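Below is one structure, written out as structure tokens; the observations come after it.
The values are calculated or read from the model by the stated rules, or taken from the named source; none is laboratory data. Just so it is clear, the structure is predicted and the values come from calculations on it, not from any experiment. As a convention, Cβ positions derive from the backbone with ideal geometry for all residues, glycine included, and neighbour counts pool all protein chains shown. With ligands, DNA and RNA removed, areas are computed over all heavy atoms of the protein, side chains included. Shrake-Rupley method; radii C 1.70, N 1.55, O 1.52, S 1.80 Å.
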Amino acid sequence: MAKTAQPKIIGNPLTFAAHTAQSGSRYVGDGMHELGAHDHAPVEYYDLSLSDLTQSLRKGLDDFAAMRSDVMFIVLVYPVIGLMLAVFAINRDLLPLLFPLISGFALLGPVASIGLYELSRRREAGLPTGWGDAFNVIKSPSFTPILVLGGYLLMLFAAWMLVAFGLYNVTLGPEAPTSAMALLNDVFTTSAGLTMLIAGLLIGGVFAAAVLASTVVSFPMLLDRHVGLPRAVATSIEVTKRNPLVVAAWGAIVVALLAIGVLTLFIGLIVVLPVLGHATWHLYREAVVPRHAEP
């Protein structure tokens, strides 16, 4: 005899609130458990070459072409945010922070692309994909370590802004420039300005290298495996150590493409960000041997 579906009883508000709190506590507990490295299966690596970078970019472009409308809907917000940041920094008192603000925006790129990694993962697995699927990450226990790693990038961004502001103050500051042209003139025609420029590029390079080494495969790995945050970051660093020149070349490609996106008044980011996001997923596949059976 077929079973008859029973109506779902919500109960009184106190019962409903208790049930919601219990579900929320279980979700938080699962997320906190996901932070630990509880999958101890060995991680195997491939050796990377420059051809792997072009292959990853080609596959990233293919993903973008296949999911263009969904992806563009997701990343449309980034050019808007970039323009808002630029307008904010054009304020005379904040003008010295314009370049650090725009360049530091790239530090947040890996976490901003997390939804794109998910779309590439689903397409690779033959699963249906739509823009809403990019937000499925929020429902996953992996979201907690992803959020923590994103917080790390946000702290690096804040640290970079503080360093850039301090660097300006000890070279060209503390007075704000009268205009953008006056600032450019001071940067390129005075010894203090050149000192600030060179020091800023070197220090910014250190921040960028820290982000690249710790995130080149960590975000995709967190989506793909239940390895925990420490192991995902350690794997990313190991990939960088094994392939320093290739990873450095990847960083240069990312910087160059982001620069193109910014120089087009951020409009180019609508294409650049999704291609880089999808390509990062495929670079992870090129760098780390897949697990064919997950627990």
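Rounded to the nearest 20 Debye, what is the dipole magnitude of the range 167-266 about its Cα centre when Lys and Arg each give +1 and Asp and Glu each give -1 at the C-beta? Please list the in-between numbers first.
Values: 4 positive and 4 negative charges, 91 e Å.
Approximately 440 debye in magnitude.
As a fraction of the 1.4 Å probe accessible area of the range 245-295, surface on carbon and sulfur atoms comes out at 81 percent. You can think of it this way: the chain between A256 and T195 has 19.6 nm of extra reach, that is 0.36 nm per residue less the Cα-Cα gap. Take the range 183-243 with all the other protein chains still there, run a 1.4 Å probe, and you get 42 Å² of accessible area per residue.
If each residue of separation counts as 0.36 nm, what is the full-extension length gain between V206 and E124 once their alpha-carbon separation is subtracted?
On the way: separation 82, 0.36 × 82 = 29.52 nm, distance 3.38 nm.
Full-extension gain reported as 26.1 nm.
Ignoring ligands, DNA and RNA, what percent of the 1.4 Å accessible area of the range 110-162 is carbon and sulfur? Roughly 73 percent, rounded to a whole number.
Placing pseudo-labels 7 Å out from each Cα toward the beta carbon at L162 and D47 gives an inter-label distance of 4.3 nm.
Under 5 Å between amide hydrogens, built in the peptide plane, is the criterion, and for V288 it picks out Y46 among residues at least 5 positions away or on other chains.
Peptides 189-197, 234-242, 266-274, ordered by how many other C-beta atoms sit within 10 Å of their residues on average, highest first, read 266-274, 234-242, 189-197. For F135 and L263, the difference between the fully extended length at 0.36 nm per residue and the C-alpha to C-alpha distance is 43.2 nm.
Over all directions, average the projected area of the Cα convex hull of the range 166-288 and note it in nm². Let's see the in-between values first.
On the way: hull surface 38.1 nm².
Mean orientational projected area (the range 166-288, Cα hull): 9.5 nm².
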